[in-house]
Amino acid sequence: MERLHCIGCGIAIQTEDKEAAGFTPKAALDKGLETGNLYCQRCFRLRHYNDITDVQLSDDDFLNLLHSVGDSQALVVNVVDIFDFNGSVIPGLARFVAGNDILLVGNKKDILPKSVKDSKISQWLTERAHEEGLRPVDVVLTSAKNKQAIKDLIDKIEQYRKGRDVYVVGVTNVGKSTLINAIIQEITGDKDLITTSRFPGTTLDKIEIPLDDGSYIFDTPGIIHRHQMAHYLTAKNLNYVSPKKEIKPKTYQLNSGQTLFLAGLARFDYLAGDKQGFTGFFDNNLPLHRTKLAGADEFYAKHKGDLLAPPSQAELADFPPLVRHEFTVSDKTDVVFSGLGWIRVSQPARLAAWAPEGVGVMLRRAII
């Protein structure tokens, strides 16, 4: 008997084990076969109730999928989050793709302030990719959510695939399946075939999208990146680390010896330098609190999960301790908190940036 697959996430359908991936009640299976819209219970609940159910896929499963990419002659479309490049890089991807061409897609360009030039972002993404050992044939900036530059992306895929299959890869939460949906809709007019969600880990197996010449676009599961800020927050607070609207920068005048708390998720200490304005680029609803550096540790211990939230009280038990990173900057620099946003420093300064253990903090040339 031919195996049936969910058209949302690609997993094999089964009706026996409610706790296992691909479970679908028998009545829903019959109805799905009747209508041609066969979804597993997980995708059905996600689509209709925005209710996510965790399904465990081992790291070995993900590695096997990546190896299957390397074993194929294909164009690899690597989707990264412009807002969180460090948290959206697949470790060791250059090794896995085994010489296949890579088209780098920077998603969520609509989140950046309009004053940021596309050329600057493309150059910055290329430089970061080179640091990771990747040599993309091209860079395309898109917004899957707003369907920006989807036609341009389709043209680039057609230009570089040269009759080969296409594998779309990315870590969880970069908007990969939303992007695939936008491509499908652009090509065929069909809407929302693939289940999409803010929640990490939505696509469970390769989804095959046939092309006219007999090749396929394969949508693969999001690789779980353990250092994404999103993994430490509940669904309610994911918005703070996955902004949905254009960021409105906020400037704070700080003297040395002052601290800026980014809710309870991160911290910025101004250690030495002249009074200056520091501009934060974060989700518009993320609460920022200015206080004195002296006593900042005690302030955090007393108010985290309350005044300094997120994380909420419910999230504190699993939230990692903040780790300190000290920097000295001499010209316009962005201090980037991976997956959260960044603070632009305009003048020479000595500072410390704190982020959850395992979440990256880095410096880059100011992009604005």
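Every number here is computed from the coordinates shown, using simple stated rules; none is lab data. Note that the coordinates shown come from a computational prediction; the quantities given were computed from them, not determined experimentally. Glycine also receives a Cβ, built like all others from the backbone with ideal geometry; neighbour counts cover every protein chain displayed.
Tabulated data
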{"quantity": "Theoretical gain in end-to-end length, residue 279 to residue 253 [0.36 nm per residue, Cα-Cα removed]", "calculated": "8.5 nm"}
{"quantity": "Mean ellipticity per residue at 222 nm, deg cm²/dmol - from DSSP H runs of n ≥ 4 across the chain, formula -39500 (n - 2.57)", "calculated": "-7000 deg cm²/dmol"}
{"quantity": "Rel. contact order, % - alpha carbon contacts under 8 angstrom, at least six apart, region 265-368", "calculated": "37"}
{"quantity": "Potential lengthening between residue 303 and residue 162 on full extension [0.36 nm per residue; Cα-Cα distance subtracted]", "calculated": "45.1 nm"}
{"quantity": "Spin-label model distance (nm) - residue 152 vs residue 67, 7 Å beyond Cα toward Cβ", "calculated": "3.8"}
{"quantity": "Estimated vicinal HN-Hα couplings, Hz - region 284-292 in sequence order (Karplus 6.51, -1.76, 1.60; Gly, Pro = x)", "calculated": "4, 9, 6, x, 10, 10, 9, 8, 7"}
{"quantity": "Counting DSSP beta bridges with both ends in the chain, the antiparallel % (nearest 5)", "calculated": "70"}
{"quantity": "³J(HN,Hα) computed for each position of region 126-139 - Karplus, 6.51 cos²θ - 1.76 cosθ + 1.60, integer Hz, glycine/proline x", "calculated": "4, 4, 5, 4, 4, 4, 8, x, 9, 10, x, 6, 6, 10"}
{"quantity": "Charge sum, other residues only, whose C-beta stays under 14 Å from residue 285's C-beta, Lys/Arg counted +1 and Asp/Glu -1", "calculated": "+3"}
{"quantity": "Filter on 26/108; 120/145; 145/248; 108/292; 176/302; 145/236 - keep pairs with C-alpha separation over 28 Å", "calculated": "26/108; 108/292; 176/302"}
